[in-house]
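Presented below is the structure to which this report refers.
The values are calculated or read from the model by the stated rules, or taken from the named source; none is laboratory data. No experiment lies behind these values; they were computed from the predicted model shown. Using ideal geometry, Cβ is built from the backbone for each residue, glycine included, and neighbour counts are taken over all protein chains shown.
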Amino acid sequence: MSDTSQAPSLTPEQEEAAFYHEAALNSAWTGSRLLIASLSFGFGAFIFAFFYLKSLNSHGLWYPPKFTGPQSGLGTTIMVLVVVSALVQWAGLTRIKAAQRNAWLGAAAVALVLGVVAACLQLYQLVDLPFWPGSSGFASVFVGTEPVFTVIILGTMVYLEILIMRGRSIPPISFVEQPPTFAEAFAVQRFQAALSGFTVVWNYLAVVAVVLWILFYLVH
Amino acid sequence: MHGLILASSTSDNSPHGYNLTFAFPMILFIVIAGALYLVYSRPHRVPGHGPLRISSSPQAGRGTLRPGSVPEPGAAQAAATAAGMSTAAGGGTTEGTQEAAGAHAAGGSTTSGSVSEDENQAAGAGTAPDQPAAPSDPAAGTPPNKDEASE
């Protein structure tokens with residue numbers, strides 16, 4: 001073991017604060033990956049139901065010939081909005097590293113609006129479907145999947161709003177220069193970890209949106 | 001034969017249903033577990049977890065890190081309620097299993113990213129409030145938080 005007597009000791013409170021700060025950074029990184037795994041299992045259940053019922057096609061009721069599916073234009077718009085939102089936020093993230101915090105704030109605000117609009121459009125589509133939930137196998141899977149996806153989008157947008165408000169309180173120079181106090185350094189580092197985790201999850205949800213669009217509007 | 005047939009056959013594609021019932025959850029679990037194993041087992045950099053150095057920037061005119069401004073332990077703990085043990089080398093205050101012996105006590109560099117370690121150095125060296133990082137520091141002169149927010 002090292003001889004720690006060379007360095008003056010911190011107070012127990014300072015040691016503990018530093019320890020929990022590092023734990024918070026690591027938990028943001030780890031938690032975002034675990035969240036993606038958890039969401040994958042959740043969406044996997046719906047995708048399994050999709051392929052299972054499609055394969056079984058009981059009594060030909062998976063997608064009956066006269067069945068009218070969901071509005072494809074609306075579905076495509078929702079998917080595009082989610083993807084563009086993720087791209088805009090990611091593009092803004094590249095600017096925040098160059099101390100252009102306001103550029104990220106603008107991009108994040110745009111991404112927030114796009115995500116919320118996508119969720120609202122999805123809700124509108126769900127209340128105006130041309131079929132009943134039990135009218136076919138496809139209908140049951142669609143009506144089960146999309147509300148869950150919508151709620152997850154809304155929850156992600158709530159977190160983006162929280163990040164925007166946190167980012168506004170951090171000086172832009174703090175992203176390229178060491179803040180003068182530990183409290184400020186802690187705040188910047190935790191914001192960076194949280195923003196990174198959010199970006200990973202939001203990009204993942206954009207991929208999920210594309211997959212669901214392919215399944216519900218192309219593959220069925 | 002005329003009569004009730006209880007086990008009537010339908011047009012259902014039952015064999016494919018059997019196969020999917022077994023294969024899909026199994027494959028899903030294997031893929032996700034494997035992906036998580038790869039993600040967590042490989043060396044990775046936690047965004048925001050950059051080395052802390054004494055700032056040479058005149059921002060806000062406040063000069064240097066102030067150890068006395070460490071957040072309250074209760075607040076820090078509350079903010080990290082969901083956190084497990086730190087996986088960072090050194091865990092912030094001690095040597096990690098992947099660090100060379102004495103690495104934590106070495107006072108010339110700030111490679112662990114540990115806030116407390118840097119604080120030790122700052123306090124131990126008696127650094128002047130506005131003095132920038134030592135020239136011998138290989139990371140000196142580079143923005144400490146650069147590239148940490150993206151991954």
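Every listed requirement among (1) assigned to a helix (DSSP H, G or I); (2) in contact (Cβ under 8 Å) with a residue 12 or more places away in the chain; (3) of a type in the set (Phe, Trp, Tyr) is met by residue A:19 save one, (2). Just checking, how many residues over segment A:123-138 are in contact (Cβ under 8 Å) with a residue 60 or more places away in the chain and closer than 16 Å to residue A:57 by Cα? So the count comes out to 4.
For (1) under 30 Å from residue A:66 (Cα atoms); (2) more than 14 Å from chain B (Cβ to nearest Cβ); (3) part of a helix (DSSP H, G or I), each residue gets a yes or a no:
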residue	(1), (2), (3)
A:143	yes, yes, yes
A:160	no, yes, yes
A:178	no, no, no
A:184	no, no, yes
A:188	no, no, yes
A:192	no, no, yes
A:195	no, no, yes
A:209	yes, yes, yes
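If I ask for residues that are modelled with pLDDT of 80 or more and either in a helix (DSSP H, G or I) or surrounded by 24 or more Cβ atoms within 10 Å (Cβ to Cβ) (or both), which ones from segment A:6-16 would you list? If the condition is that a residue be modelled with pLDDT of 80 or more and either in a helix (DSSP H, G or I) or surrounded by 24 or more Cβ atoms within 10 Å (Cβ to Cβ) (or both), then A:12, A:13, A:15, A:16 are the ones that fit. With the structure loaded, tell me whether residue A:114 is out of contact with any Gly (no Cβ under 9 Å at 6 or more places or on another chain) and closer than 18 Å to residue A:215 by Cβ or whether it fails that test. No: the conditions fail for residue A:114.
Of the candidates A:88, A:83, the single residue that is assigned to a helix (DSSP H, G or I) and in contact (Cβ under 8 Å) with a residue 40 or more places away in the chain is A:83.
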